[in-house]
Structures are given as structure tokens and as C-alpha cells.
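Worksheet for the structure shown next.
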Amino acid sequence: MADDFSAYEPFAEIRESQAACRGANFRICSKGMVTKAYMLKGKETKITFQNALHTPDFAANLISVSRFDTAGFQVIFNHGDATFIDPRGHTFISAARINGMYCLTDSEPVAMPA
């Protein structure tokens, strides 16, 4: 995940022991821009996240639905799917609910065994 960051800046002091839940902690090491590519119906969409926090202890990337809302986007949750709609009304990514979390389909290449 650290390789996803560009133009990031380290925190003057690494923030240790941020509360994730009871008994679990994580570090915030830096913040910056992260560009990720996602697939929707065979079409790739690249999204650049501003002020993304680098939290290497997390097993997954998390995104803020409230930041999408503040930027004029909509996120509609319905029957196990989350649909992200841009300010012009176009769906650009969607996420399926898996084990209680909504997961985006990453378009990064995956190495296949020979």
C-alpha cells in the first residue's frame, strides 16, 4: 500500500496507538495523494484520494464515504451493493458487501502462476 502513495509527507511525529477498536491499535505514518484504479463493467476508473493516511498496520484500504458526499458525490447502499455516482449522475464505481464490508474491485494486475 505504501507504493500507492505519491507526493506524500511524513508526519513530524508518527502517531502511534490510534484506536481502531477495543484492544486494537494502528500507526499513522504519513499522508498524501493516492491514485487507485477500479473496474466497473470492464471499464477502468482512476481515483486520486487527497490527504490519504498511510496506515501500514491495516490489512485493507478504507475510504471515507463522507468525503465523497462533501465533494458532491452520492453513494447509494442497496441489497448488498454500494453504488458511487459522480455529480453529473454517472455511476463510476460500485462495491459488493463481503463479510460486512463493501469491497471495491481493484484493477491492479495480478500475477498468475504459469
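Bear in mind these aren't lab numbers, they're just calculated from the coordinates by the rules spelled out. From a predicted model like this one, the values you see are computed outputs, not experimental measurements. All Cβ positions, even for glycine, are placed from backbone atoms using ideal geometry, and neighbour counts span all protein chains on display.
Each label point was placed 7 Å from the Cα along the Cα-to-Cβ direction; for F26 and F68 their separation is 1.8 nm. Under the Karplus relation 6.51 cos²θ - 1.76 cosθ + 1.60, θ = phi - 60°, what is the ordered set of whole-Hz ³J(HN,Hα) values for the range 94-102, x standing for Gly and Pro? Each residue of the range 94-102 in turn: 9, 9, 9, 7, 10, 6, x, 10, 8 Hz. Stretched out straight at 0.36 nm per residue, the stretch from I76 to A96 would grow longer than its current Cα-Cα span by 6.0 nm.
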